[in-house]
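Chemist: One structure is given below, represented as structure tokens, and several questions about it will come after.
The values are calculated or read from the model by the stated rules, or taken from the named source; none is laboratory data. As the structure is a computational prediction, the values presented were derived from the model and not from experiment. No Cβ is skipped: glycine too gets one built from the backbone with ideal geometry, and neighbour counts run over all protein chains shown.
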Ligand SMILES: C[S@@+](CC[C@H](N)C(=O)[O-])C[C@H]1O[C@@H](n2cnc3c(N)ncnc32)[C@H](O)[C@@H]1O
């Protein structure tokens, strides 16, 4: 089943959190001159035009990137992310929103490698089109987990692995855990960043417990809920689980999450959480 299309959601508050975390991790990896790989198991289309019918249908970006990108008190830590948005929209009119592959490409040097998997035929086609000139980017229309496992460990021995499934099916939570265990067994020093929605609090807590039970150490959890938990509202919050986070990430997120929440919250009982799910 492939009914999920990210073009309906691009630039929403969940993308803001996910892409902020992605940007900060890539910036941390760039501190060393040694090359690294960015693996995106669920890559999407690469770039989204927010003015299209899909972008305008629910226009989630209006409660996401649009509310923050032109603020005049943006914390410096957010600059690398916000500067990408400004670069793609030079006339201060928000039209283009970068997906995770484009964010990686814009931040990484061409001696670094991108491994992108996308199953949906249309998004796969857009992704190929976006990067048709790039020799350092491998794009496959294959199951993202299978492709990931086949590439581990990377010869560079340094990687950010982004796992961003649509969670259309409840079984997708188990798929993440199963494949993280397989991937970690082959490559335990990589940085793994897993996105999750907060729709059902019980589901999120079960998912977190499953991570704790993997036996994997050094796991950070970052969560931002723009509304109180309530299964009737749909997605009320979003989070990232990060295995082997760069050492500064926790502190960076502690400093910027309150600012993000101030602009993105839709209720006064909105919350943030940054915790070591499993210590080193
Ligand atoms: C949330 S979107 C990805 C968004 C993208 N990572 C970003 O941040 O810009 C999830 C994508 O995964 C794709 N997908 C679903 N199952 C997949 C699988 N098993 N392997 C690869 N792609 C898959 C969907 O077609 C969809 O485009």
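Chemist: Out of the residues in segment 100-136 that are assigned to a loop (DSSP other than H, G, I, E, B) and in contact with a strand residue (DSSP E or B) (Cβ under 6 Å, 6 or more places away or on another chain), which is nearest to residue 155 (Cα to Cα)?
Modeler: Here the residue is 136.
Chemist: Sticking with this structure for a sec: Taking the options 275, 251, 231, name whichever one is loosely packed, with under 13 Cβ neighbours inside 10 Å and over 28 Å from residue 74 (Cβ atoms).
Modeler: Exactly one residue qualifies, and that residue is 231.
Chemist: Residue check, residue 35 against (1) assigned to a loop (DSSP other than H, G, I, E, B); (2) crowded, with 17+ Cβ neighbours inside 10 Å; (3) in contact with a helix residue (DSSP H, G or I) (Cβ under 9 Å, 6 or more places away or on another chain), all met but one. Which one?
Modeler: (3)
Chemist: Test of understanding: among 261, 220, which residue is surrounded by 21 or more Cβ atoms within 10 Å (Cβ to Cβ), under 22 Å from residue 22 (Cβ atoms) and in contact with a strand residue (DSSP E or B) (Cβ under 8 Å, 6 or more places away or on another chain)? Working first, answer last.
Modeler: On the way: 261 fails: surrounded by 21 or more Cβ atoms within 10 Å (Cβ to Cβ).
Exactly one of 261, 220 is surrounded by 21 or more Cβ atoms within 10 Å (Cβ to Cβ), under 22 Å from residue 22 (Cβ atoms) and in contact with a strand residue (DSSP E or B) (Cβ under 8 Å, 6 or more places away or on another chain), namely 220.
Chemist: Mind listing whichever residues of segment 173-196 are buried (at least 20 other Cβ atoms within 10 Å of the Cβ) and away from the ligand (no atom under 16 Å from the Cβ)?
Modeler: 190
Chemist: Continuing with this model, one more query. Do we have residue 197 as part of a loop (DSSP other than H, G, I, E, B) and modelled with pLDDT of 95 or more here? Lay out the reasoning, then the answer.
Modeler: Details: part of a loop (DSSP other than H, G, I, E, B): no; modelled with pLDDT of 95 or more: yes.
It is false that residue 197 is part of a loop (DSSP other than H, G, I, E, B) and modelled with pLDDT of 95 or more.
Chemist: If you go through segment 78-92 one residue at a time, do you hit one that is within 14 Å of the chain's Cα centre (by Cα), within 16 Å of the ligand (Cβ to nearest atom) and in a strand (DSSP E or B)?
Modeler: no
Chemist: Additional query: Do we find a residue being in contact with a helix residue (DSSP H, G or I) (Cβ under 6 Å, 6 or more places away or on another chain) and assigned to a helix (DSSP H, G or I) anywhere in segment 236-247?
Modeler: no
Chemist: Cβ-Cβ distance below 6 Å, separation of 6 or more or different chains: which pairs start in segment 158-174 with a residue that is on the phi < 0 side of the Ramachandran plot and assigned to a loop (DSSP other than H, G, I, E, B) and end on one that is modelled with pLDDT of 95 or more and buried (at least 20 other Cβ atoms within 10 Å of the Cβ)?
Modeler: As it stands, the answer is 158/36; 164/42; 164/195; 165/42, since those pairs meet every condition given.
Chemist: A further question follows. Being over 20 Å from residue 136 (Cβ atoms) and in contact (Cβ under 8 Å) with a residue 40 or more places away in the chain is the filter; apply it to segment 43-55 and report the residue that is nearest to the ligand (Cβ to nearest atom).
Modeler: Taking the candidates together, the pick is 48.
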